[in-house]
Structure formats: C-alpha cells, structure tokens
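Novice: So that we are looking at the same thing, I have put the structure below in structure tokens.
The values are calculated or read from the model by the stated rules, or taken from the named source; none is laboratory data. Since the structure is predicted, the reported quantities are computational estimates derived from the model, not experimental observations. A quick note on method: Cβ atoms are made from the backbone with ideal geometry, for glycine too, and the neighbour counts reach across all protein chains shown. What goes into the accessible areas is simple: the full protein's heavy atoms, side chains included, and nothing from ligands, DNA or RNA. Shrake-Rupley method; radii C 1.70, N 1.55, O 1.52, S 1.80 Å.
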Amino acid sequence: MPAIYRFTQHPVPSGYKKKKEARKKTHNKAATMSKNAATNTRSRPVFIDEDQVKQLLDWNEARYALEQAFVSVSNQARESVARFADQPVSSQPARTFVQAEGGVLLCMPGFVGQHRVSSGSSERVSTLACKLITGFRKNASLGLPSINGEVFVFNSTTGKLEAIIEANHLTGIRTATASLVATDHLFLRPARAHAPDGTVTIQLGIVGCGFQGMMHAVGFVRTQSVARVHTIRLWNRTPGRAIKLKEVLLEEAKATDSNYSVFVCDTVEDCCRDCDVIVTATGSSEPLVYRSFLKPNVHINAVGAGEYHHTELAQDVYDECQVYIDHQEGARKELATLRSNIVGEVGEVILRENRAEEMSLLPKSGGISVFQSLGMATEDVTVGRLVYEKYLKAHGDSHRD
C-alpha cells in the first residue's frame, strides 16, 4: 500500500512578511532609478531669448568678460612653466563650416577654465559652451534675419546642457566689445598715461553702418569711461543706413545726456579724416581705407567679413601699421595671405601689463595700430556664461541644479 504524505501549512512568521515587503520596495526603487537613468530624466535647460539678453547684458560687464576671453587664449598659448596661475586658460578648436542648400552652419565650441564672471567677483568658474550660427542670405526677402545664432552652455563637470541663449544680440555686443577692449589696451591706456588729467577725448569714424557698425558706435558711446567721444563720422555705401544710424546716435545722446556731434560723410576719406579711432565693418572685397586718409597716430578696428578678412584696408596701410589679433591659430588660417607685421595677441598685451619682468608689446608711439578682429569661441563662452549667471540671479537661482 503506497505511503500517504500529509502536508501541514505552518503560519508564516510576521518578521518574514516585513522583510519581503522591504525587499520588494528596494527592488522597485532600483528599477525606477534604472529607468530614469536609461531615459536620461533631468531638469530642462533654461531658454534665454533675445529680449532677455538685451535686458541682462551690460556693456561694461561684457568688456570684462571679453578681457577674460582674450587672456585665457594667450595664457594657454604660453609654455606651461610660463603660464600665470592666477589667470584663466582655454581650449578652442578651429571653427567648422557646414554648407547647406542656400546657407551655411558655423560651429564654434570652446572651454574657458578658472575665469571670473565679473570684475567684482573673487570666485573662479569654468565654462564649456558652443555657439551655432546659421547664415542664409535669402532670409531677408522673407522678412527674416540672414544670420541666426544660439549659444549652448554646459555644466563643465557633468556635461549637462544648462542653457540655450539666443545669440544675435549677444554676438553683436561681443564683437563690438572685442574692439573696445583692443582699442583700450592698445591705444587709449597709453594715451591716458600721458594725458595731464588722465582723460582722452576721441573722434570716431565708422566705415560701414550695418548691424556691426551700429553696435560699435553705440558701444563706444555707452562706455565713455574708456574714452570721451566728441565727434562721430559715418559712411556707408548706401547713405540711408548712415542717416538712420545718425538718428539712433542722436537719440542715444539725449538718453544718456552725452555731448557729441554726428556727421554723415559722402566719402570714406572724409569719414576717416582726423579720426583717432576707426571701425571698418563692411563686406567689401576691395580696399576702402588708404594711408593718405589717416592721421599719423590712429587705431583701426578691422572687423569686416570680406573674402580674406583683410580687404578693407589698403596695402599701404598694412605696410606701415602694427597688427594685433585675437588668436594666433585663427590668424594662421584666416590671415594667411596678409602681408603685414603681426605683433601678437591682444590677450598677451593684457597679460604683460604692469609686469616689469615682461617685455611690453604695445604699439610704437605715434604710429598706426590695427586690431584684425576674427572672432573666437572663447568670447561667446565668457559672455554666454555672464548672461546665464545674470539670468539665474534674476530668477533666484531656481533653475540651477
């Protein structure tokens, strides 16, 4: 007769149920965390539009940010033993261009390490960012800007995208401010050192009154702590733009209680006559400014975007002047055909200021200095970080992770 087995169900200890429930909760929490990691769940980056950038970005604060950008590039270019530990460093590859149907995409990534966001801050930060710009000429016929840009600001420790900043106005200010910084350190500071009262008054010439010409003119009158502007002379291939810029500048004078005169000139020669500082901001593929137009002692900011970046100034200007640049790597590529004396980077001039052990790179007194502006990613990095930090401050840091 087969054996009969009886199974008796014993009561489960109460402690076992609690342990099982705890293990289940732990498993569910781990699964949720794994799912979140897999889907990259995180807070969204902030979006800062053009109107907000205009409210947040101050010319004098931007000027300090640009100085930090210039210095970071020149400090990085030094041998490691010669770098200044108290100054920022940087990394920026050559910018890349992608051709598209009817336009182009420009990519400018960069990193600036251990820089100060503002002159009054003792804190040093590191910033990773990338500016993307598109240029589509036919947009004008559609009532759209031909050039559009955004700066993407990342967390330099985690790589997380923190902010997307519309960059048309930002680019305009940073390009004009780069010229302001170069003009100050190459021309105005030496002049102030020899002025009896330490102040300098200048006549400013703007050759090309498009967007960049306008931004440069406004930048100079907004930062008159750098130099007092008593006269502004304007020229544009189509006079209507020069007339419109004159109206803008006269309104600016009323709003800021400034006292300067503005003249629209018929010729480039008339525009440059007796000017102490000149800005060329055109797309001209042929020379506009000749040596005979200039005073013996003058500073020129050449920011135009002609085919070779240096077509606005005639060769007889380059034969006599001393040229300064924003970064050597860009100059090797974009100024390869320039026949002139390139002294060095503006950042290196700044680094050597007030350092007796360093040989000065300042222009020779009484001559012509030219800042050949190419633009570089580190400028967008430091200005982009400035805008982002001011946005966070205005919103109580509520968007910072």
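Novice: Trypsin sites (Lys or Arg not before Pro), restricted to the stretch 252-342: which are DSSP loop and have at most 13 other Cβ atoms within 10 Å? Intermediate results must be reported in sequence, preceding the final value.
Specialist: Numbers: sites: 254, 273, 291, 332, 333, 339; in loops: 273, 339.
Hits after loop and neighbour filter: 339.
Novice: If one computes the Cα centroid of the stretch 336-351 and of the stretch 147-182, what distance in Å separates the two points?
Specialist: Taking the Cα centre of each part, the stretch 336-351 and the stretch 147-182 sit 24 Å apart.
Novice: Let me ask another. Once you mark the GluC sites (Glu not before Pro) that are in a DSSP loop and have at most 16 other Cβ atoms within 10 Å, what is the longest gap between them in the chain?
Specialist: Values: sites that count: 79, 101, 123, 307, 320, 353, 357, 358.
Here the longest run is 124-306.
Novice: Before rounding to the nearest 500, sum -39500 (n - 2.57) across all DSSP H runs of length at least 4 in the chain and divide by the residue total; then give [θ] at 222 nm in deg cm²/dmol. Each step should come with its number before you reach the end.
Specialist: Details: 12 runs with 145 residues, N = 401.
The helix-only estimate for the chain comes to -11000 deg cm²/dmol at 222 nm.
Novice: Viscosity 1.002 mPa s, temperature 20 °C: what is the translational diffusion coefficient of the stretch 145-288 from Stokes-Einstein with a Kirkwood Rh over Cα pairs, rounded to a whole number of µm²/s? Write down the numbers at each step before the final one.
Specialist: Values: Rh = 16.6 Å.
Rounded to a whole number, D works out at 129 µm²/s.
Novice: Here is a follow-up. Can you figure out the FRET efficiency of residue 49 with residue 365, using R₀ = 45 Å and their beta-carbon distance, to the nearest 0.05?
Specialist: Details: r = 46 Å, r/R0 = 1.03.
Efficiency, from the Cβ-Cβ distance: 0.45.
Novice: Cross-link list 246/295; 244/295; 54/393; 160/333; 160/390; 131/160: which exceed 21 angstrom alpha carbon to alpha carbon?
Specialist: Numbers: 246/295 24 Å; 244/295 27 Å; 54/393 16 Å; 160/333 32 Å; 160/390 19 Å; 131/160 16 Å.
Listed pairs above 21 Å: 246/295; 244/295; 160/333.
Novice: Expressed as a rounded percentage, what relative contact order does the stretch 225-366 have, with Cα pairs under 8 Å and six or more residues apart?
Specialist: 16
Novice: GNM, the chain, Cα, under 10 Å: largest mean-square fluctuation among 120, 304, 240?
Specialist: Most flexible of the set in this elastic network: 120.
Novice: Right, here's the next one. Round to a whole number: what % of the accessible area of the stretch 274-401 belongs to carbon and sulfur, probe 1.4 Å?
Specialist: Values: 2520 of 5380 Å².
About 47 percent, which is the carbon plus sulfur part of the accessible surface.
Novice: For residue 222, what accessible surface area do you get with a 1.4 Å probe? Give it in Å², rounded to 10.
Specialist: Residue 222 has an accessible surface of roughly 110 Å² with all protein chains in place.
Novice: So what's the angle, to the nearest 10 degrees on a 0 to 90 scale, between helix 59-77 and the longest Cα principal axis of the chain?
Specialist: 80
Novice: Please work out which option in (1) 1.21; (2) 3.00; (3) 1.31 gives Cα Rg over 2.2 N^0.38 Å calculated from these coordinates, and answer with its label.
Specialist: (3)
Novice: Just the accessible area per residue of the chain, please: how many Å² with a 1.4 Å probe? Kindly include the intermediate steps, with their values, before the conclusion.
Specialist: Values: 21140 Å² over 401 residues.
I get 53 Å² per residue for this part.
Novice: In percent, how large is the relative contact order of the stretch 322-393, given Cα pairs closer than 8 Å and 6 or more residues apart?
Specialist: Values: 62 pairs, mean separation 28.4, N = 72.
Relative contact order of the stretch 322-393: 39 percent.
Novice: Return the whole-Å distance between the Cα centroid of the stretch 319-335 and the Cα centroid of the stretch 248-311.
Specialist: Centre-to-centre (Cα) distance: 20 Å.
Novice: Translational diffusion coefficient of the stretch 71-197 at 20 °C, 1.002 mPa s, Stokes-Einstein with Kirkwood Rh over Cα pairs, in µm²/s as a whole number.
Specialist: Values: Rh = 17.4 Å.
Estimated diffusion coefficient is 123 µm²/s.
Novice: Here is a follow-up. Which whole-number percent is the relative contact order of the chain (Cα, under 8 Å, 6+ apart)?
Specialist: Details: 741 pairs, mean separation 71.6, N = 401.
So the answer I get is 18 percent.
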